[in-house]
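Inspection log for the structure reproduced underneath, given as structure tokens.
The values are calculated or read from the model by the stated rules, or taken from the named source; none is laboratory data. The structure displayed is predicted, hence computed values, not measured ones. Glycine also receives a Cβ, built like all others from the backbone with ideal geometry; neighbour counts cover every protein chain displayed. What goes into the accessible areas is simple: the full protein's heavy atoms, side chains included, and nothing from ligands, DNA or RNA. Shrake-Rupley method; radii C 1.70, N 1.55, O 1.52, S 1.80 Å.
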Amino acid sequence: MGISVTVITKNEAADIAAALESVRWADEIVVVDSGSTDETVAIARRFTERVFVRDWPGYAAQKNVAASLATQDWIFSLDADERVTPQLADEVRRTVSGTPDAAAFKVPRVTWHLGQWIRTTDWYPDRQTRLYDRRRARWTGAYVHEGVAVDGTTGALTHDLQHYAYRDIADHLETIDRYTTYAARQMFEAGRRAGLLEIAGHPPFAFLRNYIAKGGVRDGAVGFVISTLNAYYVFLKFAKLWELQRQSKRPAA
């Protein structure tokens with residue numbers, strides 16, 4: 001059985017070449033772009049002829065489109081800011097070349113930030129379902145934190161997928177702002193509500209979980225900064241949910 005690697009993109013010129021270089025071993029690479037204004041599409045076409053440009057329908061929907069365009073049933077879904085190591089590539093090939101009992105496989109993901117690989121806090125092992133049989137699995141989710149719904153069992157791979165998530169703290173903060181807006185909207189539409197208890201209570205617990213329970217303390221100042229930013233993410237998510245509640249009660253003009 002062959003493997004198709006799928007990548008969805010928009011304005012990923014800084015990262016896409018390294019991502020696609022790391023998956024040259026695949027039987028096929030499929031890139032679905034949602035209207036990049038930089039050189040993303042041109043760079044992608046250096047690695048594969050299977051580059052498509054279409055409107056953005058959301059993360060899960062776009063990843064399902066990419067899988068539908070693949071010629072192989074086994075899919076490895078890669079983000080533009082990720083890299084597949086040779087060890088992980090060998091493991092993926094060995095897994096699919098046999099007769100996998102599982103319909104999908106989770107991969108541990110390790111993030112590079114502030115000058116080092118982070119193997120503490122909520123960031124590790126950050127297991128992601130990336131290898132799956134498209135006949136028995138598909139992406140689901142509304143706005144953010146999409147996942148793979150699997151008809152069958154999910155196995156586990158052992159080698160890390162490398163993640164270059166943020167250029168610096170400023171980039172990290174911009175991402176937090178964007179994703180907490182999506183997360184708050186998703187929670188609001190699902191009927192979740194927030195009050196003072198959630199806004200004031202969840203962030204300190206998130207910090208303690210990251211810094212103490214998940215070992216951020218072992219990374220010194222780096223662990224402290226990441227634990228604080230992870231707690232800030234939780235604060236902003238609930239604060240924006242609370243704001244949506246307030247806005248929904250605003251009298252009509």
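The figures follow:
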| quantity | calculated |
| --- | --- |
| Condition met for THR71 (among the hydroxyl-bearing types (Ser, Thr, Tyr), open to solvent by 20 Å² or more (accessible area, probe 1.4 Å), modelled with pLDDT of 95 or more and farther than 19 Å from GLN162 by Cβ) | yes |
| Residue count, the range 157-187 (criterion: free of Cβ contacts under 8 Å to residues at least 60 places away in the same chain and open to solvent by less than 70 Å² (accessible area, probe 1.4 Å)) | 11 |
| Residue, modelled with the highest pLDDT, within the range 134-148, restricted to residues that are more than 9 Å from ALA60 (Cβ to Cβ) and surrounded by fewer than 14 Cβ atoms within 10 Å (Cβ to Cβ) | ARG135 |
| Conditions (1) farther than 23 Å from VAL144 by Cβ; (2) open to solvent by 10 Å² or more (accessible area, probe 1.4 Å): number failed by VAL96 | (2) |
| In the range 156-170, the residues that are farther than 14 Å from VAL225 by Cα and out of contact with any strand residue (DSSP E or B) (no Cβ under 6 Å at 6 or more places or on another chain) | THR158, HIS159, ARG167 |
| Qualifying residue in the range 47-68 (condition: of a type in the set (Lys, Arg), open to solvent by 30 Å² or more (accessible area, probe 1.4 Å) and within 23 Å of VAL144 (Cβ to Cβ)) | yes |
| ARG130 being of a type in the set (Lys, Arg), open to solvent by less than 10 Å² (accessible area, probe 1.4 Å) and modelled with pLDDT of 95 or more | yes |
| Hits in the range 1-33 - residues which are touching a helix residue (DSSP H, G or I) at 6+ places or on another chain (Cβ under 9 Å), of a type in the set (Gly, Ala, Ser) and buried (at least 18 other Cβ atoms within 10 Å of the Cβ) | SER4, SER22, ALA26 |
| Unique match (being at pLDDT 95 or above, over 25 Å from MET187 (Cβ atoms), in a helix (DSSP H, G or I) and open to solvent by less than 60 Å² (accessible area, probe 1.4 Å)) among ALA102, ALA89 | ALA89 |
| Where ARG192 falls short, out of the listed (1) in a helix (DSSP H, G or I); (2) in contact (Cβ under 8 Å) with a residue 24 or more places away in the chain | (1) |
| Contacts under 9 angstrom Cβ, first residue in the range 48-62 being over 23 Å from ALA26 (Cβ atoms), partner assigned to a loop (DSSP other than H, G, I, E, B) and open to solvent by 70 Å² or more (accessible area, probe 1.4 Å), 6 or more apart | TRP56/LYS10 |
| Residue that is farthest from the chain's Cα centre (by Cα), among those in the range 210-253 that are outside any helix (DSSP H, G or I) and in contact (Cβ under 8 Å) with a residue 60 or more places away in the chain | GLY215 |
| Scan of the range 7-43 for residues that are farther than 21 Å from GLN87 by Cβ and assigned to a strand (DSSP E or B), ordered by number | ILE8, THR9, GLU28, VAL30, VAL31, VAL32, ASP33 |
| Only listed residue being β-branched (Val, Ile, Thr) and either over 18 Å from PHE76 (Cα atoms) or part of a helix (DSSP H, G or I) (or both), chosen from VAL148, VAL144 | VAL144 |
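Here is a yes/no grid of residues against (1) touching a Leu at 6+ places or on another chain (Cβ under 9 Å); (2) open to solvent by 50 Å² or more (accessible area, probe 1.4 Å); (3) at pLDDT 95 or above:
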| site | (1), (2), (3) |
| --- | --- |
| ARG193 | yes, yes, yes |
| LEU196 | no, yes, yes |
| TYR211 | no, no, yes |
| LEU229 | yes, no, yes |
| PHE235 | no, yes, yes |
| PHE238 | no, no, yes |
| ALA252 | no, yes, no |
